[in-house]
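Okay, so here's the structure we're looking at.
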Amino acid sequence: MFNYIKNVRTVLKTIDNPLKRLESASKKDSLEKEFWDKEAEECLLSFDEDLFRYDENEEFPPRHRYFYSLLESIRGKHILDCCCGYGFTTVKCAKRGAYITGIDISPKMIELAKKNAEFNQVSQNVNLEVMSAHKLSFEDNIFDYVVGIGALHHLNLELAGKEISRVLKPGGKAIFLEPRIPFKWIMVLRSLIPVRCYESPGGGSLSDREVHQFSRYFSTSKPQYFILLRKLFRLPILKRFASKLDSTDLYLINRCQFLKKFCWAFVLEFTK
């Protein structure tokens, strides 16, 4: 049964989740581990081959297409998939010839990602480890790329920024696809809409201020914005118009710079 009050609280927590603060990092990791272990356990019990089967021609929304376009020339490169989760990005990068290490705070998610890699026959290029992105156990300057889809918004960016920058080679790139908070007042309005918010205990959409803070650990940063009108597709009456909303978004965002302030997602590209 849909719990409206709980949903309002979940949405409002994404504005400024206290678990993302420095003093709460260990508590956040513990709660995230418990949440994602439960999520992965269900997938492990009934492994859906159709869901996990790699498809080179899979159709992605524009934000994912842009994210993966930045990873087209990665053959032979060493990549860290941060908060790898189900292992979809790990498998895709391995299929492109990269040597990829995936980390996640959840042992069950790592187990699921290993099963994904084995199923898609890329295990020889993949190393998966249970690890917090707040404290990486790798040497300095060893990865060409650090990547993640929906990773940063679960982390304390002060701890993660230092660690990600440390393990990147000079000139290496960190590329992330993340949800974004346009304005706090918009999130308050969003909380009143009875559409379920799926977020873990330690999650919360990124603000431009947080991204600026994270960018201090890199020499350059470049955001690319997505999801303007497409946010409306979550309303049942508009779901069938999702693809049209995508094309409209791209047209509007590319021609009206001020609309970027209202976007709900971005791909972030940082260079060390």
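With GLY85, GLY76 as the choices, which residue is part of a loop (DSSP other than H, G, I, E, B), out of contact with any helix residue (DSSP H, G or I) (no Cβ under 7 Å at 6 or more places or on another chain) and either modelled with pLDDT of 95 or more or closer than 15 Å to PHE47 by Cβ (or both)? Even if it seems obvious, please write down each step before you answer.
Values: GLY85 fails: out of contact with any helix residue (DSSP H, G or I) (no Cβ under 7 Å at 6 or more places or on another chain).
None of the others qualify; the one that does is GLY76.
Looking at ALA133, ALA160, which is the one that is out of contact with any Ser or Thr (no Cβ under 7 Å at 6 or more places or on another chain), of a type in the set (Gly, Ala, Ser) and not in a loop (DSSP other than H, G, I, E, B)?
ALA160
Taking the criterion of being modelled with pLDDT of 95 or more, surrounded by fewer than 19 Cβ atoms within 10 Å (Cβ to Cβ) and among the aliphatic types (A, V, I, L, M), would at least one residue in the range 216-237 satisfy it?
no
Any chance you could count how many residues in the range 21-63 are part of a loop (DSSP other than H, G, I, E, B) and hydrophobic (A, V, I, L, M, F, W, C)?
Number satisfying all stated conditions: 2.
When you check LYS108 against the structure, is it surrounded by fewer than 23 Cβ atoms within 10 Å (Cβ to Cβ), in contact (Cβ under 8 Å) with a residue 60 or more places away in the chain and among the charged types (D, E, K, R), yes or no?
Yes, satisfied.
Look at LYS260 and say whether it is over 21 Å from VAL11 (Cβ atoms), at pLDDT 90 or above, of a type in the set (Lys, Arg) and in contact with an Asp or Glu (Cβ under 8 Å, 6 or more places away or on another chain).
Spelling it out, it is not the case that LYS260 is over 21 Å from VAL11 (Cβ atoms), at pLDDT 90 or above, of a type in the set (Lys, Arg) and in contact with an Asp or Glu (Cβ under 8 Å, 6 or more places away or on another chain).
Within the range 91-137, track down each residue that is over 22 Å from LEU71 (Cα atoms) and hydrophobic (A, V, I, L, M, F, W, C).
Matches in the range 91-137: ILE105, MET109, ILE110, LEU112, PHE119, VAL130, MET131, LEU136.
Which residues, counting only those in the range 204-230, are in a loop (DSSP other than H, G, I, E, B) and closer than 12 Å to PHE270 by Cα?
ARG216, TYR217, PHE218, SER219
Could you please find all residues in the range 186-214 being among the polar types (S, T, N, Q) and either touching a Phe, Trp or Tyr at 6+ places or on another chain (Cβ under 9 Å) or modelled with pLDDT of 85 or more (or both)?
SER200, SER205, SER207, GLN213
Where residues in the range 36-82 are in contact (Cβ under 8 Å) with a residue 24 or more places away in the chain and among the aromatic types (Phe, Trp, Tyr), which of them is surrounded by the most Cβ atoms within 10 Å (Cβ to Cβ)?
Filtering the range 36-82 for residues that are in contact (Cβ under 8 Å) with a residue 24 or more places away in the chain and among the aromatic types (Phe, Trp, Tyr), the one surrounded by the most Cβ atoms within 10 Å (Cβ to Cβ) comes out as TRP36.
The values are calculated or read from the model by the stated rules, or taken from the named source; none is laboratory data. Predicted model, so just to flag it, every value in this text is computed and none were measured. When we count neighbours, we look across all protein chains shown, and the Cβ atoms used for this are built from the backbone with ideal geometry, even at glycine.
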